[in-house]
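One structure is given below, encoded as structure tokens.
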Amino acid sequence: MMMRGLTRAALRRHRLVLAGAFVAVPVLALAGGPVRHSLSVGGFVAPQAESTRAFAHLDEVFATAAPNQVIVATATQGDVLDGTNTAAGLQLVGALGTADGVIDVVSPWTIGELPDDVANPLVSHEGDKAVIALRLAGDEDDQRATVEELGQLYDDQGETFTLTPTGAAEVSREAAEQAEADLLRAELIAAPLTLVGLLLVFRGWRAAAIPLVVALLTVLATFTVLRALASLTTVSVFALNLTTALGLGLSIDYSLLLVARFREERGAGRSVEAAVARAVGTAGRTVVFSALTVSLSLLALLVFPFPYLRSFAYAGIAVVAVAAAVTVVVVPALLVRYGHRLGHERPPTGIGFWTAQAQRVTRHPWPWALAVTALLLAAGLPFRTLAPGRIDDRVLPAGADARRGADALRSDFYLVNFTPISVITPWISPTDDEAVSAMEVVLLSLPGVHRVDSVHGFSGTGLSIPPTAYSERFRAGPGDGTWFNVISWHEPDSSEARQLVERIRHLDSRIEVTGTTAVVVDSVDAVARRAPLAIGIVAVTTLLVLFAMTGSLLLPLKALALNMLSLTATFGALVWVFQQGHLAGPLGITTTGQLDVFTPILMFCVAFGLSMDYEVFILARIQEARDLTGDDKQAVVCGLARSGRLVTAAAVLMAIVFLSIATSGVAIVKLFGLGLALAVLIDAFLIRATLMPAFIRLAGRANWWAPGPLRRAHLRYGLWETEPVELPSRSTPDTELDTA
Amino acid sequence: MTTNQNDIVRQLATVDLFARCTRRDLRIVARHGDRIEFRQGTDLVRQGDRGDAFFLLLEGTAEIIREGTLVGRLDPGAWFGELALLDPAERAATVTAASDGVVLALSARMFKVLLRELPALSAAMLGALARRVREAGGVVGDLSFLSS
């Protein structure tokens, strides 16, 4: 009924709808255009995680924590501890220490007196570089603001030092800036390629312009929604990449579906108005079903406690809902206005690829099914070695400041480590030498521990440095306890370092642990703990929506199984490239031996939704053919022949958009873009063109089976496409759809 | 269910074709049908057109015209349009509204789905078609008797 109402409105008031759309563009551009200024560069930590609470504890009680901004200062002349350089260094440190947002500064000039035989750990081997470690206050967005302010200060130091900033806050800032710049570049790459693709697919500039109109409205409206949401909760700036990609991709998919059906109906001899009505009643409803399945897939991201992942749910659901709404409201109005110039769908001459493929597969379903399944499983094998971790500076391109700074820390310094495991012991007083020493000994005895910093100074393998000014940070008020920095031999996101965090946490239930490694442990745990629920939500909602659409029990299960197979192959390929490092050179990425823990679950929800998109497109046509003919085999061939070209075109155009996103210099954005492009192409060409028809052919009548009561329930309450019936003597828009 | 659908269900319950259908069946038919109001003189189907719907006359009357000749009259409860769907062909006659009225239209697809899913409807449809064949056979028999 709602769709009929929309159709009637589009037909009768198409001028009003088009005028509304025309006015909406500048209004939404003004409202949503500045969205990125409202978005967050953070959201990667769970607010309730132990590591987050422990960070807050250090901030509040000890007014410090592990450094999150590190500056590598390279002297333009001489040793950094030379008199001139020391004076300049002290001046710089003084300026940094009084800057807004900086709560702690550690430098080689202020670390305090060290024994003569101990080299200053904050000075490089060659003596020409110094490390200044800062703790910036607040969340990631506050830190970003502080980092930008500090940039002015760095520029003033050009004569004495060359400053290269790095550290978590700097990486976060540079990654966000790079992603924003890359987004613009991706749009500039995607736009002309997509336009050429649209012209080829739609065979005319008027029809090709329709998805661009839908995309423009969709993206601007979603930006407006995100801007409004950002005033209520944290929304990640990275969600903009998804908004742009999905906005353009789904606008193409949905418009293509509607326009293709319109042309088909025109080709069958129907008037513009009748063709619009039938296109909305059939393809328009398919768009709504598809939007529902994609949205429900993305909804699952809300179960995760990370604002970063939730942001993709907000952006994804908004962009899908808006794209579907614009498609079923604005596109019919455009078709009524300009449809007579869009031409008809020419009847196919000869047998097209999809018809031939459908015939091949339905003739020999077993060999095709087995071969493609084996191929996909083989591609998915590397997924077994998935090692989830978190991103570090290597997420940035090699030339980025934060990357160069971190590389200098890794290669030019000895003993320096800015990713310690911070261990808070509220019950140990810093004045209780025995208890402090005992804890030091326990911590040093754990495997992989290289050094422990405490109120007693620096202790480690063959190392004992008495307390310096630096050691005062381990003291607070009476009764506040103390804390320790544990330095490991292992990389902060390695499995050994993570085991070390677990061991420390098991030492005493009162211990609070934080630091990079603890954040990684908590993030991986939270994702692993909630992933089954998210996957369950996606699976159950998919089963329900597909049952509501088909009335079948088997087809939804088949869709679920094939989507899982498709995603396994995609994830396998991503592990092979981004974790194991194959093709890392040509792709311009630096592998860390781990895959960002958020990306697989994010991609699962997005790619699953997109797979369902194509599933719904094809299944709708197969079901329509089956309803009309009652012939299962013919229905598969007919359904694929009618929807295959459309799905191919939609998938290729969607892949172009995602590949444009993948040109980003930020590794996680590259991973996301490349992964989704791969998922879409595997889905369109291997799953939909081969496995899906083979399975439907093999299952025969069982495809459509359901117990009697469920069949009745589907007839009564299910989601059905309906072709509106037209009376022959009614041909004007005002009377054609005068139905109740 | 909307009031409209309740009205349709009540009207369907009085039609012979749905006599064996349960109320639940009738609700399903009502849900998938388009209730179309028409004015006197409207062509409901036109001879030679491709058939893409089945019609049930709920209110008003209509005339069946073949090759410009009036061959029959339809009253509320009558149905038409099924032959072109069951055996795809052009419409065999034009049906024109003799008064203002209402039809319930089922698209070709939903007509076939409901025939498949509602055994009471398909049995009634088969029975009605058999009666028409018999009546047509009687006419042929009468004509052959007269001509001999």
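Among the residues of region A:420-441, are any surrounded by fewer than 18 Cβ atoms within 10 Å (Cβ to Cβ) and touching a Phe, Trp or Tyr at 6+ places or on another chain (Cβ under 7 Å)? No, that holds for no residue.
Please tell me if residue A:240 is in contact with a Leu (Cβ under 9 Å, 6 or more places away or on another chain) and closer than 22 Å to residue A:549 by Cα. The answer is no for residue A:240. Return yes or no: is residue A:664 in contact with a Lys or Arg (Cβ under 6 Å, 6 or more places away or on another chain) and outside any helix (DSSP H, G or I)? When the stated conditions are applied, residue A:664 passes them.
Filtered by the rule that a residue be touching a Phe, Trp or Tyr at 6+ places or on another chain (Cβ under 8 Å) and open to solvent by 10 Å² or more (accessible area, probe 1.4 Å), region A:633-660 gives A:641, A:645, A:646, A:648.
What are the residues in region A:712-728 that are touching a Phe, Trp or Tyr at 6+ places or on another chain (Cβ under 9 Å) and surrounded by fewer than 22 Cβ atoms within 10 Å (Cβ to Cβ), if any? Across region A:712-728, the qualifying residues are A:714, A:718, A:719.
Restrict the check to region A:535-551 and report whether at least one residue is in contact with a Pro (Cβ under 7 Å, 6 or more places away or on another chain), more than 21 Å from residue A:498 (Cβ to Cβ) and surrounded by fewer than 17 Cβ atoms within 10 Å (Cβ to Cβ). Yes, region A:535-551 contains a residue that is in contact with a Pro (Cβ under 7 Å, 6 or more places away or on another chain), more than 21 Å from residue A:498 (Cβ to Cβ) and surrounded by fewer than 17 Cβ atoms within 10 Å (Cβ to Cβ). The number of residues in region A:150-184 that are in contact with a Gly (Cβ under 7 Å, 6 or more places away or on another chain) and either open to solvent by less than 40 Å² (accessible area, probe 1.4 Å) or assigned by TED's automatic domain parsing to the domain that holds residue A:83 (or both) comes to 5. Would you call residue A:217 without any contact (Cβ under 8 Å) to a residue 60 or more places away in the chain and part of a helix (DSSP H, G or I)? No: the conditions fail for residue A:217. As a summary of the residue check, residue A:1 satisfies the conditions (1) over 30 Å from residue A:478 (Cα atoms); (2) modelled with pLDDT of 90 or more except for the one numbered (2). For the residues A:163, A:153, the requirement of being within 20 Å of residue A:81 (Cα to Cα) and of a type in the set (A, V, I, L, M) singles out A:163. Residue under question is residue A:686, and the condition is that it be more than 14 Å from residue A:614 (Cα to Cα), among the aliphatic types (A, V, I, L, M) and part of a helix (DSSP H, G or I); does it hold? Taking the combined requirement at face value, the residue does not satisfy it. Residues that are among the charged types (D, E, K, R), closer than 25 Å to residue A:718 by Cα and facing chain A (nearest Cβ under 8 Å) within region B:1-48 comprise B:24, B:27, B:31, B:34, B:35, listed in sequence order. Tell me, which residue of region A:403-423 that is modelled with pLDDT under 90 and among the hydrophobic types (A, V, I, L, M, F, W, C) is nearest to residue A:135 (Cα to Cα)? Per the criteria, the residue is A:418. Taken as a whole, the structure leaves residue A:712 outside the set of residues that are over 39 Å from the mean Cα position of the chain (by Cα), within 14 Å of another protein chain (Cβ to nearest Cβ), at pLDDT below 90 and farther than 30 Å from residue A:570 by Cβ. A search for C-beta distances below 7 Å between a residue of region B:97-117 that is closer than 15 Å to residue B:11 by Cα and any residue that is of a type in the set (D, E, K, R) and crowded, with 21+ Cβ neighbours inside 10 Å, counting only pairs 6+ apart in sequence or on different chains, returns B:105/B:34.
Consider region A:64-97 and keep the residues that are touching a Gly at 6+ places or on another chain (Cβ under 8 Å) and closer than 19 Å to residue A:143 by Cβ. The one that is modelled with the lowest pLDDT is A:66.
Condition check ((1) more than 23 Å from residue A:140 (Cα to Cα); (2) without any contact (Cβ under 8 Å) to a residue 24 or more places away in the chain; (3) under 20 Å from the mean Cα position of the chain (by Cα)) across all residues:
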| position | (1), (2), (3) |
| --- | --- |
| A:177 | no, yes, yes |
| A:182 | no, no, yes |
| A:197 | yes, no, no |
| A:208 | yes, yes, no |
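Can residue B:64 be described as of a type in the set (Val, Ile, Thr), in a strand (DSSP E or B) and more than 9 Å from chain A (Cβ to nearest Cβ)? For residue B:64, the condition - of a type in the set (Val, Ile, Thr), in a strand (DSSP E or B) and more than 9 Å from chain A (Cβ to nearest Cβ) - is met. Give region A:62-81 a look and list any residue that's β-branched (Val, Ile, Thr) and open to solvent by less than 50 Å² (accessible area, probe 1.4 Å), or say none. Hits for region A:62-81 are A:64, A:70, A:71, A:72, A:74, A:80. Mind listing just one residue for me: the one in region A:447-477 that is open to solvent by 50 Å² or more (accessible area, probe 1.4 Å) and hydroxyl-bearing (Ser, Thr, Tyr) and, of those, nearest to residue A:490 (Cα to Cα)? By that ranking, first place goes to A:461. The number of residues in region A:508-534 that are of a type in the set (A, V, I, L, M, F, W, C), open to solvent by 50 Å² or more (accessible area, probe 1.4 Å) and more than 30 Å from residue A:706 (Cα to Cα) comes to 1.
Evaluate region A:82-101: report whether one residue or more is part of a loop (DSSP other than H, G, I, E, B), in contact (Cβ under 8 Å) with a residue 12 or more places away in the chain and open to solvent by less than 20 Å² (accessible area, probe 1.4 Å). No; the residues of region A:82-101 include none that is part of a loop (DSSP other than H, G, I, E, B), in contact (Cβ under 8 Å) with a residue 12 or more places away in the chain and open to solvent by less than 20 Å² (accessible area, probe 1.4 Å). Residues of region A:382-404 that are touching a residue at least 60 places away in the same chain (Cβ under 8 Å), more than 26 Å from residue A:601 (Cβ to Cβ) and surrounded by fewer than 21 Cβ atoms within 10 Å (Cβ to Cβ): A:398, A:401, A:404. Residues in region A:311-345 that are part of a loop (DSSP other than H, G, I, E, B) and among the aliphatic types (A, V, I, L, M): A:342 only. Got at least one residue in region B:79-102 being under 22 Å from residue B:32 (Cα atoms), within 12 Å of another protein chain (Cβ to nearest Cβ) and surrounded by fewer than 15 Cβ atoms within 10 Å (Cβ to Cβ)? Scanning region B:79-102 turns up at least one residue that is under 22 Å from residue B:32 (Cα atoms), within 12 Å of another protein chain (Cβ to nearest Cβ) and surrounded by fewer than 15 Cβ atoms within 10 Å (Cβ to Cβ).
Scanning region B:103-115 for residues that are farther than 12 Å from residue A:725 by Cα and open to solvent by 10 Å² or more (accessible area, probe 1.4 Å), we see that the one that is farthest from the other protein chains (Cβ to nearest Cβ) is B:115. Screening region A:668-711 for residues that are open to solvent by less than 50 Å² (accessible area, probe 1.4 Å) and of a type in the set (D, E, K, R) and picking the one that is nearest to residue B:28 (Cα to Cα) gives A:688.
The values are calculated or read from the model by the stated rules, or taken from the named source; none is laboratory data. It should be emphasised that the depicted structure is a prediction, and the values quoted were computed from it without experimental measurement. Here the Cβ is made from the backbone with ideal geometry for all residues, glycine too, and neighbour counts use every protein chain on show. Side chains included, ligands, DNA and RNA excluded: accessible areas come from the protein's heavy atoms. Shrake-Rupley method; radii C 1.70, N 1.55, O 1.52, S 1.80 Å.
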